[in-house]
1. If you check T142, T147, which single one turns out to be farther than 27 Å from N18 by Cβ and crowded, with 16+ Cβ neighbours inside 10 Å?
2. Among the residues of segment 131-158, what is the count of those that are assigned to a helix (DSSP H, G or I) and more than 16 Å from the chain's Cα centre (by Cα)?
3. In contact with a Ser or Thr (Cβ under 7 Å, 6 or more places away or on another chain) and charged (D, E, K, R): is that true of D55 in this structure?
4. Name every residue in segment 104-158 that is within 12 Å of I32 (Cβ to Cβ), of a type in the set (S, T, N, Q) and in contact with a Gly (Cβ under 7 Å, 6 or more places away or on another chain), in order of residue number.
5. Name the residue, out of R79, R128, that is part of a helix (DSSP H, G or I) and either crowded, with 17+ Cβ neighbours inside 10 Å or among the polar types (S, T, N, Q) (or both).
6. What are the residues in segment 106-125 that are part of a loop (DSSP other than H, G, I, E, B), touching a residue at least 24 places away in the same chain (Cβ under 8 Å) and either over 14 Å from S72 (Cβ atoms) or of a type in the set (A, V, I, L, M) (or both), if any?
7. Among the residues of segment 18-56, which ones are more than 16 Å from L134 (Cβ to Cβ), of a type outside the set (D, E) and in a loop (DSSP other than H, G, I, E, B)?
8. Need pairs with beta-carbon distance below 6 Å; first residue at pLDDT below 95 and within segment 1-20, second surrounded by 12 or more Cβ atoms within 10 Å (Cβ to Cβ) and of a type in the set (F, W, Y); sequence gap 6+ or separate chains.
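The values are calculated or read from the model by the stated rules, or taken from the named source; none is laboratory data. Since we're looking at a predicted model, the values are computed, not measured. All Cβ positions, even for glycine, are placed from backbone atoms using ideal geometry, and neighbour counts span all protein chains on display.
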Amino acid sequence: MSVKIGDPCPTFILPDQNGKKVDSSELIGKNILVIYFYPKDDTPGCTKEACMFRDSYETFKEMGCEVIGISSDSEDSHRSFAERFSLQFILLSDAGGKVRKEFGVPSNLFGLIPGRVTYVVDMDGKVRGVFNSLLDPAGHLTMAIETVSTIVKENPKS
């Protein structure tokens with residue numbers, strides 16, 4: 001079953017591009033989270049999506065948000081991808097796709113390509129936005145910015 005708007009965000013621990021274990025339960029409540037699942041490092045659509053998140057990263061940080069990209073690629077692949085494209089956000093290695101399955105991210109194109117789905121998680125750990133499209137990387141960024149902006153407007157900082 002897929003994670004939907006209003007559902008609690010599944011928690012997970014995965015290694016990042018530097019081999020550090022990242023525990024999502026330690027991030028929930030500290031930041032709004034944009035968690036995006038993507039098929040593969042260094043492919044045209046995934047590179048475009050990652051670079052769009054990179055180019056908007058400061059906007060996300062200013063809104064109190066952390067961006068996390070997840071694919072089944074290795075830590076080494078993520079490190080190389082992050083270095084090549086100056087990606088300043090977290091990339092997590094979900095070898096075997098366990099976390100992808102927990103979120104219910106579907107495969108596309110007859111099950112041959114892992115899906116591309118973005119989730120926005122509020123400070124309470126609730127999913128507030130979901131965008132599922134393999135072929136519209138820009139739509140993921142648009143939904144994320146709009147949803148994070150809405151959350152920030154509802155909960156202005158004192």
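1. Exactly one residue qualifies, and that residue is T147.
2. Adding up the residues that qualify gives 6.
3. Here the answer is no, as D55 does not meet what is asked.
4. The answer is T147, and nothing else.
5. Exactly one of R79, R128 is part of a helix (DSSP H, G or I) and either crowded, with 17+ Cβ neighbours inside 10 Å or among the polar types (S, T, N, Q) (or both), namely R79.
6. Answer for segment 106-125, where residues must be part of a loop (DSSP other than H, G, I, E, B), touching a residue at least 24 places away in the same chain (Cβ under 8 Å) and either over 14 Å from S72 (Cβ atoms) or of a type in the set (A, V, I, L, M) (or both): P106, L109, D122, M123, D124, G125.
7. N18, G19, K20, G29, K30, S56
8. If the second residue must be surrounded by 12 or more Cβ atoms within 10 Å (Cβ to Cβ) and of a type in the set (F, W, Y), the pairs left are V3/F103.
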